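One structure is given here, and the rest of the page talks about it.
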Amino acid sequence: MTDFIQTEINNRILTVRINRPERKNALTHAMYTTLGDAIEQADSDADIRCVMFTGSDECFTAGNDLSDFASGLKGAFTETPVGRFLFLLANAAKPVVVAVNGPAVGIGTTMLLHCDMVFAGTNARFQMPFASLGLCPEGGSSLLLPSWIGRVRAAELLMLGDAFSADDAYRLGLINRVCAPHETETTAIGACQRLTMQPPAAIRATKKLLSRPTHEELTATMLTEGELFADRLKSPEAAEALGAFMQKRKPDFSRFK
Ligand code: COA
């Protein structure tokens with residue numbers, strides 16, 4: 001349990017709010033554990049028909065807490081808090097809707113690839129700076145992104161790691177709608193409310209069928225990415241990138257082969 005994740009059940013919707021504003025909602029191990037618990041709770045509680053993930057009007061999440069990266073990922077990936085969360089999300093039985101405002105960095109973008117509907121504010125900034133941090137893609141993004149948006153666009157986003165806007169994300173087919181930031185959450189809640197009024201077993205069947213074509217390949221990819229990610233976290237390149245972030249300077253990768 002952590003106070004940085006707040007959950008609330010209202011009208012059969014489980015709202016999961018990331019609330020750590022002083023660190024731009026960066027996700028710690030404990031926060032991943034609570035996020036994973038929320039998905040398990042939704043799947044086991046017949047009164048919950050839909051999950052909504054959100055942050056604030058200013059920030060969704062700055063991604064993994066960069067100080068936590070220093071402690072690395074130990075043991076089997078599926079047993080790590082982040083790995084468990086990603087697998088629970090990818091295999092969730094009930095629909096997951098997301099409201100994104102402000103930064104959605106790293107896993108803040110890749111987790112969206114496993115959600116059913118994504119609404120983003122005009123202030124949303126998506127970014128997957130894994131390679132820039134000496135790391136590699138995670139969360140199945142190396143499989144899902146190229147197949148959804150095309151190989152070269154996926155390569156650009158994953159290799160150069162530039163931030164992209166809500167309009168760009170909409171054009172790429174990664175989100176459903178661009179909203180005024182103060183309306184993002186109400187728009188997402190509106191979608192959740194409609195989902196809760198649909199026949200629940202039919203919604204679960206639809207979700208399962210939408211995931212089925214890539215299910216096995218996705219599982220294998222997420223495991224491979226997880227292993228490589230854990231290795232990359234120990235690399236001198238990652239040490240340079242993370243050290244540079246902490247010291248508020250530009251990283252220098254010129255010495256690496
Ligand atoms: N982990 C830990 N701390 C983080 C963080 C992260 N992922 N992202 C931001 N913070 C901290 C900052 O260090 C800063 O702390 P300080 O007040 O002690 O200096 C505080 O949160 C506010 O961040 P700041 O960078 O000043 O906010 P911003 O609005 O200018 O920029 C971001 C927001 C998200 C664009 C920027 O913080 C960022 O790029 N963060 C890193 C994202 C990242 O690389 N995540 C990992 C992806 S794999």
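The values are calculated or read from the model by the stated rules, or taken from the named source; none is laboratory data. Since the model is a prediction, treat every value here as computed from it, not as a measurement. For neighbour counting, all protein chains shown are included, and Cβ atoms are generated from backbone atoms with ideal geometry for every residue, glycine included. The protein model used for the area step is the full one, side chains on, heavy atoms only, and it has no ligands, DNA or RNA in it. Shrake-Rupley method; radii C 1.70, N 1.55, O 1.52, S 1.80 Å.
List the residues, sorted by chain then number, that are 5 or more residues from residue 20 or on another chain and whose placed amide H is less than 5 Å from its amide H.
Result for residue 20 returns 25.
Per residue of segment 224-232, in order, report the coupling 6.51 cos²θ - 1.76 cosθ + 1.60 (Karplus, θ = phi - 60°) as ³J(HN,Hα) in whole Hz, putting x for Gly and Pro.
3J(HN,Hα) across segment 224-232, in whole Hz: 5, 4, x, 5, 5, 4, 4, 5, 4.
Through the Karplus equation 6.51 cos²θ - 1.76 cosθ + 1.60, θ set to phi - 60°, convert the phi angles of segment 71-87 into ³J(HN,Hα) values in whole Hz; use x for Gly and Pro.
7, x, 10, 10, x, 4, 4, 5, 8, 6, x, 5, x, 4, 4, 4, 5
Can you give me the accessible area per residue for the chain, using a 1.4 Å probe, in Å²?
Result: 49 Å² per residue.
Rounded to the nearest 0.05, what FRET efficiency is calculated for residue 19 and residue 214 with R0 set to 35 Å and r the Cβ-Cβ distance?
0.65
Taking a ≥ b ≥ c as the square roots of the eigenvalues of the Cα gyration tensor of segment 136-231, is the shape rounded (a/c under 1.5), prolate (a/b larger than b/c) or oblate?
Verdict is oblate for segment 136-231.
What does a probe at residue 171 reach in segment 129-165, counting residues whose amide N is under 19 Å from the point 7 Å along Cα→Cβ?
Correct set: 145-165.
Which links in 74/257; 74/248; 24/234; 24/207; 24/74 stretch past 29 Å when you go from one Cα to the other?
Table pairs above 29 Å Cα-Cα are 24/207.
Let me know the charge dipole size of the chain about its Cα centre in debye, to the nearest 20, where only the beta-carbon of Lys, Arg (+1) and Asp, Glu (-1) is charged.
That gives a dipole near 360 debye.
Sort 8-19, 100-111 for me by packing, meaning the mean count of neighbouring Cβ atoms within 10 Å per residue, highest on top.
Descending mean neighbour count gives 100-111, 8-19.
Where does each of 116-124, 184-192 land if you order them by average Cβ count within 10 Å, highest first?
Ranked from most to least packed, the peptides come out as 116-124, 184-192.
How much of the accessible area of the chain, probe 1.4 Å, is carbon plus sulfur, in whole percent?
Carbon and sulfur together cover 54 percent of it.
Ignoring ligands, DNA and RNA, how do 182, 114 rank by accessible area with a 1.4 Å probe, largest first? Before the final figure, lay out each step's value.
Numbers: 182 130, 114 20 Å².
Descending accessible area places them as 182, 114.
Only helical DSSP H runs with n ≥ 4 go in: add -39500 (n - 2.57) per run for the chain, normalise by residue count and round the 222 nm mean residue ellipticity to 500 deg cm²/dmol.
Taken over the chain, the calculation gives -13500 deg cm²/dmol.
Using a Gaussian network model of the chain whose springs link C-alpha atoms within less than 10 Å, name the residue from 144, 228, 210 with the highest mean-square fluctuation.
For the chain, modelled as a Gaussian network with Cα springs under 10 Å, the answer is 210.
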